[in-house]
Amino acid sequence: MHLQNLLQQRFRDSLSSLTDRADVYAEMIRPTADPKHGDYQCNCAMPLSKEIGKNPRDVAAEIIASLAIEDICETPEIAGPGFINLKLKDEFICRQIERFLGDERCGVEAVDQGKSIVIDFSSPNVAKPMHVGHIRSTVIGDALARCLRFLGYQVETDNHLGDWGTQFGIIIYGYKHFGDPQVVDANPVQELAKLYRIVNQLIEYRKAKRSIEALEHSVAEAEGGLAQAEHASDEAEESKQKAARKAVASAERRLQSAAEALRSSVEKVEAVESDSLWADRAAMHPDIDQAVLEETAKLHRGDAENLGLWEKFLPHCKDEINRVYDRLDVEFDHTLGESFYHDRLGGVVDKLRDAGLAKDSDGAVCVFLENFDAPMIVQKQDGAYLYATTDLATLQYRLEQFEPSEILYVVDTRQSEHFDKLFAVADQFGLENVKLVHVNFGTVLGEDGKPMKTRSGSLIGLESLLDGAVDRAKQVVCDPERLASFDPPMDQAEQEMIAEVVGIGAIKFSDLSHHRTSDYRFNLEKMVALEGNTSAYVQYSFARTQKILENAQKAEGDVSEMVADSGIAFSHPAERHLALMLMKFEESLVALHKDYAPNQLVDYLLETARAYSKFNENCHVLRAETPQIQATRLALVCLSGRVLQLGLRLLGIGVVPRM
RNA sequence: GCGCCCAUAGCUCAGCUGGAUAGAGCAACGGACUUCUAAUCCGUAGGUCGUAGGUUCGAAUCCUACUGGGCGUACCA
C-alpha cells in the first residue's frame, strides 16, 4: 500500500482536465507536517494557478470538484493560499489494517518487473585484518540488498574481494622468510595475519626511513613559507590584509601537516630501531619492499611456487573474513574477487586500444577523458594492471552474466572521481545500457571528529569493535536489577544471545541511521544506550508486542477471527496514528530505493516504535472495554510487531522475544 | 592551482522533487510507576538553518559570491 501513489493517481485523473502536465502536479502530494492539516496535502494549486492564470483557491476548488476520492478521504479542505488538505477516512484505514492481517508482506506490494540489480559491496582486501572502515560498505550494502530484494527485484550481491594484490606478496614473503610451515599449517588464520603484520611493519619502516629526509625538507620549506607569509602580512596594505591573513593560515596548516607527517615517520622508525628483535629483522631485510613487489609480480606471472602458496593461503584468508560475515549475518550471492578477472585484463586494454579510447602516454596506457585533468590509467609502465582495469573487466562480465538494469557500487565517497571516470569510460565503451550508481558514503569519525584510529594510530579492528558493542550491551541488558523481574528467569545463554543481537544491531543501526553521504561520529555509549534513537528502542518495542500477545494467548490467526467477528474501530487517537504509520511502511522502502538511503527506513522504524509506545501507554489491550476495541488493539499489536521485526530484518538486524 | 562534499538547537543528527509555525534523540528542567516490562510516557525550555545577495506567491532546500572545515587530484585500491 503506497498511499502517496494512490492519492497521486486520483489527482492525476482530476488534473488532466486542467493541464496536460497532470503528472508533474500530481506529484506535489506529501504527508502533512502538522496533523491539524490532515494526513496528506496537495500543493499543486498554487503553481498550476500560475500556468492557467486563475486564482489558486479557485483552482483548488476546481480540482476538488472533479476529484474522485470519497472512498479514501473525507471531503478535502482548501486552506491558506490554496493547499488542499486530505484526511483519510477511519473506515479506509481500518479496512487496510484488516487486509494486512495475515499478509506476510505487511501490505508492501512487490514490483513484478524482472529487473536485476547488482550490488557490489564490502569488498575487503583478504589477508589484511578488517577494520572500522569496512563497516559502512558492508552494512549499507547488505541493507540495500535486503530491502531491494524484498521490494521484488532480482538482486545479485557480489563481494569484489581484493584477493590478488600486494597483500599476497606480503604474506608470501613473510611465509618464505619468517614462517614456519608447521606452525602455519596448525593455525593458518592467525599465523598468516601475524606474518602480514611483521612484513607490513618492516615495509612501513622502510618507507618512513626513506621519507624522513624529504619530510624534513618540506617542514623546513613550510617554515620558510610561513615566515614569508607572515612578513608579507605585516607589510600588506589595508586592502590586502584579508588575503594575507588567509595565506598565513594556509601556510600554518601546511607546516602543521608536514610536521605531523614527519613525526609519524620518526615514530615508526624509532619503534623498529629501539627494539633489538625488530632492528635485526630490518637489518636483514633491507630491500623488503622491492622484494614484496617482486613476489607479487611473480604470482601474477604464474610462478608455480607463489601460485601454489596463493592457492593454499586464500581459503584461510576467506575463513577469516567469513567469520566476521557470519557474525554480522551478511551473505553474498557471488564472491568474485580480483583474481577472477586476472586473465581478462589484457583483453580489456586491447579492446580499449582498438576502440581508439586508450593510448600510450609516458609508457603507460591511458584513457584521456574530457572534463578530467588526469587520465584513467589502465596499464602501468611496468605492464601491471590497475584497479580501473579490473573494474572495467568486472563491469563487462556483470553485464554479460546478469543483464542488470542497475549496478550499485557501495564504496567510500573518496573514490568518487574514480567512479566518475569509470562511468564515463563505460559510456564510450558500449557498456551504457545500465544505470551505474556510486552509492557513496562518508567516513566513520572518532569522538574527536577525526577519522577513527586507535591510540597507537592504527585502524581499529572490526572484531574488537563488535566485541565492545556486545560487552556494553550485555552490561545494560543483564543489569541484575532488571533481570530480577523476569519470569522465567534469564539464563546465561539467553543473556548472551540478547547481548549479541542488541550489540551488533546497535552498530548497524547507528551506522544506517545517518544519511550515508555524511560522515558520522562513532560513539559506542550512545549507540548501545537503551534510550533515544537506537536499535534497542525498536527491539524493545517489538518485545513489548510479543509479551502482550503472549499474555492474551492470541496468535495472528485468532486476531483475524476476532476482527472478522467484531470489526475494527478506533477509540483513541494513538490507535489511528499507529495504524497510519503501519500503512506507510512501503513508502519508506520506496524512498529508500530512490536515494539508496537506508536512513529512510531507520527513521520510519523509530517513528513507528514511538507511535507504538504511545499507543501502548494509552491503550490497554487486555483491559479493553469492548470486544471491538480489543480486536482493534490486538490487530495493531500484531502488525506493529511484524512491521518492526521485518523492518529491522531488512536492515540486517535481529530481534529477541524479550529483553 | 583545479575539482567534489559539508556548515541546521548546548551535543549527535534528520529534513524526500521549493510549501503552512524548521524536526527527533541526548543533555537541562517539571510531572506520571497498586504497570499488558518506567529500557516508557506527558510537559517546559532551547534556532538570524555559516554570511551576503538573487530567483519565487513561498527558500534550510534552487542560483551567485564570500567565510570556515573536510576530501580528492597520472601509474595504490
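Summary of values
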| quantity | calculated |
| --- | --- |
| Distance from the stretch A:38-78 to the stretch A:83-104 (C-alpha centre basis), Å | 21 |
| Protection proxy ranking of A:107-115, A:196-204, A:218-226 - average other beta-carbon atoms within 10 Å, highest first | A:196-204, A:218-226, A:107-115 |
| Total formal charge among the other residues, if their Cβ is under 11 angstrom from that of A:V410, Lys/Arg +1 and Asp/Glu -1 | -2 |
| Cβ-based charge dipole, chain A, positive-most Cα from A:V365, A:H177, A:A631 | A:A631 |
| Kirkwood Rh and Cα Rg combined as Rg over Rh, evaluated for chain A | 1.04 |
| Relative contact order, percent, the stretch A:166-288 [alpha-carbon distance under 8 Å, six or more residues apart] | 29 |
| Angstrom value of the Kirkwood radius, inverse mean 1/r, which spans all Cα pairs in the stretch A:82-195 | 19.0 |
| Amide H contacts under 5 Å for A:L357, placed H, 5+ residues apart | none |
| Between 0 and 90°, nearest 10: helix A:627-650 axis offset from chain A longest Cα axis | 20 |
| Percent of C-alpha pairs per 5 Å bin, the stretch A:463-650, short to long | 1, 8, 15, 17, 18, 15, 12, 8, 4, 1, 0 |
| Built amide H within the under 5 Å cut-off of A:V378, gap 5+ | A:V365, A:C366, A:V367 |
| The stretch A:3-88: equivalent-ellipsoid semi-axes (sqrt of 5 x gyration tensor eigenvalues, Cα, Å) | 18, 14, 11 |
| Mean separation of Cα contacts under 8 Å (6+ apart) over length of chain A, as relative contact order % | 16 |
| Per principal axis, descending, Cα span of the stretch A:368-505 in whole Å | 68, 40, 27 |
| Relative compactness, the stretch A:453-515, computed as alpha-carbon Rg over 2.2 N^0.38 Å | 1.36 |
| Viscosity 1.306 mPa s, temperature 10 °C, Stokes-Einstein D of the stretch A:166-288 from Kirkwood C-alpha radius, µm²/s | 91 |
| Sparse-neighbour loop sites [chymotrypsin sites (Phe, Trp or Tyr not before Pro); the stretch A:343-398; at most 16 other C-beta within 10 Å; DSSP] | A:F368, A:F372 |
| Likely footprinting exposure, A:H418, A:H514, fewest C-beta neighbours within 10 Å first | A:H418, A:H514 |
| Residue order, fewest to most beta carbons within 10 Å, for A:K207, A:K36 | A:K36, A:K207 |
| Chain A: calculated mean residue ellipticity at 222 nm from DSSP helix runs of at least 4, using -39500 (n - 2.57) | -19500 deg cm²/dmol |
| Sparse-neighbourhood loop sites, GluC sites (Glu not before Pro) in the stretch A:508-570 - DSSP loop, at most 12 other Cβ within 10 angstrom | A:E531 |
| Using θ = phi - 60° and Karplus 6.51 cos²θ - 1.76 cosθ + 1.60, couplings along the stretch A:522-535 (whole Hz; Gly, Pro as x) | 7, 9, 3, 4, 6, 6, 8, 4, 9, 9, x, 7, 10, 5 |
| Members of A:K298/A:K380; A:K207/A:K312; A:K209/A:K450; A:K435/A:K508 lying beyond 22 Å, as alpha-carbon distances in this model show | A:K207/A:K312; A:K209/A:K450; A:K435/A:K508 |
| Per-residue ³J(HN,Hα) for the stretch A:321-328, Karplus 6.51 cos²θ - 1.76 cosθ + 1.60, θ = phi - 60°, Hz, x for Gly and Pro | 6, 5, 4, 5, 5, 4, 5, 7 |
| Sorted by Cβ neighbour density within 10 Å, fewest at the top, the residues A:F522, A:F92 | A:F92, A:F522 |
| Straight-distance crosslink candidates among aspartates and glutamates, where the alpha carbon sits under 12 Å from A:K36 and sequence neighbours closer than 8 are dropped | A:E77 |
| Relative contact order %, the stretch A:1-154, counting alpha carbon pairs below 8 Å whose residues are six or more apart | 18 |
| For A:V439, distant residues with modelled amide H under 5 Å away | A:Y409, A:V410, A:V411 |
| ³J(HN,Hα) computed for each position of the stretch A:281-291 - Karplus, 6.51 cos²θ - 1.76 cosθ + 1.60, integer Hz, glycine/proline x | 4, 4, 5, 7, 10, x, 10, 4, 5, 5, 4 |
| Qualifying GluC sites (Glu not before Pro) in the stretch A:355-461, DSSP loop, other Cβ atoms within 10 Å at most 14 | A:E370, A:E432, A:E447 |
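Rule-based calculations on the coordinates, nothing more; no lab input. Predicted model, so just to flag it, every value in this text is computed and none were measured. For neighbour counting, all protein chains shown are included, and Cβ atoms are generated from backbone atoms with ideal geometry for every residue, glycine included.
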